[in-house]
Amino acid sequence: MKKRQVVLGVTGSIAAYKACDIVRRLQDKGCDVTVIMTDSAEKFVTPMTFEALSGHPVYRDMFARDVEWDMAHISLAKKADVLLVAPATANTIGKIACGLADDLLSCTVMTTKAPVIIAPAMNTDMLENSIVQENISRLKKHGVGFVEPKKGKLACGDVGKGALADVEDIVKAVLVLLK
């Protein structure tokens, strides 16, 4: 039986380290995981970490020349049975909601026919911003799934909603779509 393909987009949130656990838990459930990292994500976790965990090269640059030539955003979009963005920043959510495609992750989201799930992680005030909420609502209307952030102590010390959902809940949301 062919392994289910999950493309995981990791963005520049302090919660990026939790994406490492997402990779492992999806693999434990029989998924093959390929990671796309934004430039900002690399400030929190190195590509080498995800390469070691996933067993695949990490995709970072739409115009990379160090791998066999292909149009990465097209091949990754076609490869995905589910495309998960976790953690997702307000910036990435906004780009996707507005149809902007200026990096490998946003281009892949715009190209894929696979279900897309977003797991936001950000400060409460940012999450509650009316523009961010409009972007989330817009994406939901277009069929994008969301795993809601949880309430708790945030990296900045504030307490409120915005912490990345529990890894188990994110993995469950992906598995539901793979059935």
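Here are the numbers for this structure:
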{"quantity": "Selected residue [more than 30 Å from LYS2 (Cα to Cα) and either in contact with a Gly (Cβ under 7 Å, 6 or more places away or on another chain) or surrounded by fewer than 21 Cβ atoms within 10 Å (Cβ to Cβ) (or both)] from LYS141, LYS179", "calculated": "LYS141"}
{"quantity": "Filter result for LEU84 (at pLDDT below 95, crowded, with 21+ Cβ neighbours inside 10 Å and not β-branched (Val, Ile, Thr))", "calculated": "no"}
{"quantity": "Answer residue from the stretch 1-36, given it is without any contact (Cβ under 8 Å) to a residue 40 or more places away in the chain and not in a helix (DSSP H, G or I) and is surrounded by the most Cβ atoms within 10 Å (Cβ to Cβ) among those", "calculated": "VAL35"}
{"quantity": "Selection count where residues are within 14 Å of the chain's Cα centre (by Cα), of a type outside the set (D, E, K, R) and closer than 21 Å to ALA64 by Cα, scope the stretch 93-108", "calculated": "5"}
{"quantity": "All positions within the stretch 124-138 that are within 13 Å of GLY160 (Cα to Cα) and either of a type in the set (Phe, Trp, Tyr) or surrounded by fewer than 19 Cβ atoms within 10 Å (Cβ to Cβ) (or both)", "calculated": "THR124, ASP125, MET126, GLU128"}
{"quantity": "Single residue of the stretch 113-158 satisfying the filter (part of a strand (DSSP E or B) and without any contact (Cβ under 8 Å) to a residue 12 or more places away in the chain) that is nearest to LYS29 (Cα to Cα)", "calculated": "GLY152"}
{"quantity": "Residue satisfying condition, being in contact with a Leu (Cβ under 7 Å, 6 or more places away or on another chain), surrounded by fewer than 24 Cβ atoms within 10 Å (Cβ to Cβ), of a type in the set (A, V, I, L, M, F, W, C) and farther than 12 Å from VAL10 by Cα, within set ALA114, ALA101", "calculated": "ALA114"}
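The values are calculated or read from the model by the stated rules, or taken from the named source; none is laboratory data. Keep in mind it's a predicted model, so treat the numbers as computed, not measured. No Cβ is skipped: glycine too gets one built from the backbone with ideal geometry, and neighbour counts run over all protein chains shown.
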